[in-house]
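Colleague: Below are the structure tokens for one structure; questions will follow.
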Amino acid sequence: MKKHIIYLIGFICLTSSAIAASISIIIEGEINRPDAYELREGSDIIDAVIVAKGFTRKADMDRVEVIRNGDKKVIYIRSMLKLSMRKEAYVPYMLKPGDRIVVREKEG
């Protein structure tokens, strides 16, 4: 897998070869650009989805899994995105180095 260093400023993504405080994550499954990424420290799960160019049509946004140190947590990202788009407060799910994000396919 390729690695990219991405800096997020709102919804604008800038790529740079400069080294800054960053975390390595993997995002896979029903995502448009599944890959390994280097994100700025303090990035949340929505930042990862944006960098990976969003969900596919088959994505189940109510079953996004974050695997951290062998533990799996299901994140209901659809409600986070709705609140974010309305510029309402939501509790972000902050990413940590080594997190693996798996976007599952909708059932049925």
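Colleague: Just for the range 62-88: of the residues that are at pLDDT below 90 and touching a Lys or Arg at 6+ places or on another chain (Cβ under 6 Å), which one is surrounded by the fewest Cβ atoms within 10 Å (Cβ to Cβ)?
Modeller: 62
Colleague: Evaluate the following for residue 82: is it touching a strand residue (DSSP E or B) at 6+ places or on another chain (Cβ under 6 Å) and farther than 27 Å from residue 21 by Cα?
Modeller: Judged against the criteria, residue 82 is not a match.
Colleague: Name the single residue that is modelled with the highest pLDDT among those in the range 1-21 being among the hydrophobic types (A, V, I, L, M, F, W, C) and assigned to a loop (DSSP other than H, G, I, E, B).
Modeller: Filtering the range 1-21 for residues that are among the hydrophobic types (A, V, I, L, M, F, W, C) and assigned to a loop (DSSP other than H, G, I, E, B), the one modelled with the highest pLDDT comes out as 21.
Colleague: Then there is this: Tell me which of these residue 104 doesn't satisfy, since it passes every other one: (1) touching a helix residue (DSSP H, G or I) at 6+ places or on another chain (Cβ under 9 Å); (2) more than 14 Å from residue 23 (Cβ to Cβ).
Modeller: Answer for residue 104: the failing condition is (1).
The values are calculated or read from the model by the stated rules, or taken from the named source; none is laboratory data. Remember, predicted model here, so these are calculated numbers, not experimental data. With ideal geometry, Cβ positions are generated from the backbone for all residues, glycine too; neighbour counts draw on all protein chains shown.
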